[in-house]
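Quick notes on the structure that follows.
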Amino acid sequence: MRLNVVMLCGLLALSGSVCSADEKAKTEETTQVKLKGLTLTIPKSWVAPDAPKPMRLATYEIAPVEGDKEKAELAISNFPGGGGGVAPNLTRWIGQFEADGRESVIKQGKANGKQYYIVDITGTYKKSVGPPMLQKTEPVKGSRMLGVILVMEDDEVYFLKLTGPDKTVKAQSEIFRSTFGAKSEGEEDYEL
């Protein structure tokens, strides 16, 4: 039986050790979620809201880490025809942050036979407000996004977008990768 991650990290803290994201990923209880042709291993602490959101296969809310007030959100989507390609989607995600103070890093890797591209963006997020058709946003400083384009063996494409407060999203970075079988080790730079 797996130990509760909070208990394990508490025990490690008492012993003078630090609980890393990898240790949290190994100890957190998970559940398998099948979304069309994609199977993810989702931590049980990530909560799916009662009301589904349009144009998404699934949505999960992630509790804020100490010091953050807002939850992070993972949105999972899939669109016919691949959704427009890798570079345009990465560029669009980067554009969802104000240019002033924005930092972004793009990597690529393979996980369980799947090619993936991941962008890590920090800065002021232009958070969507209201119906998407209105294209209204509000600036949210101190934000982070981990956006993944996951290309399956059958060329089916899935989009995983984790957004929220910088510290909360950063704390979930390796756990987020583990949902689809990836690790940051071995990822290579990707240029647009």
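The values are calculated or read from the model by the stated rules, or taken from the named source; none is laboratory data. Small disclaimer: the values here were computed from a predicted structure and weren't measured. So basically every Cβ, Gly included, is an ideal-geometry build from the backbone, and we count neighbours across all protein chains shown.
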### Task
Determine whether Ser178 is buried (at least 22 other Cβ atoms within 10 Å of the Cβ), over 29 Å from Lys34 (Cβ atoms), in contact (Cβ under 8 Å) with a residue 40 or more places away in the chain and not acidic (Asp, Glu).
no
### Task
Pull up region 115-134, narrow it to residues that are modelled with pLDDT of 95 or more and among the hydroxyl-bearing types (Ser, Thr, Tyr), then point me to the one that is farthest from Val86 (Cα to Cα).
Thr124
### Query
What are the pairs, 6+ residues apart or on separate chains, where a residue within region 78-96 that is over 16 Å from Leu150 (Cβ atoms) has its Cβ under 9 Å from a residue that is basic (Lys, Arg) and surrounded by fewer than 19 Cβ atoms within 10 Å (Cβ to Cβ)?
Ile94/Arg102; Gly95/Lys126; Gln96/Lys126; Gln96/Lys127
### Task
Can you work out which of the residues in region 86-128 that are of a type in the set (Phe, Trp, Tyr) and in a strand (DSSP E or B) is surrounded by the fewest Cβ atoms within 10 Å (Cβ to Cβ)?
Tyr117
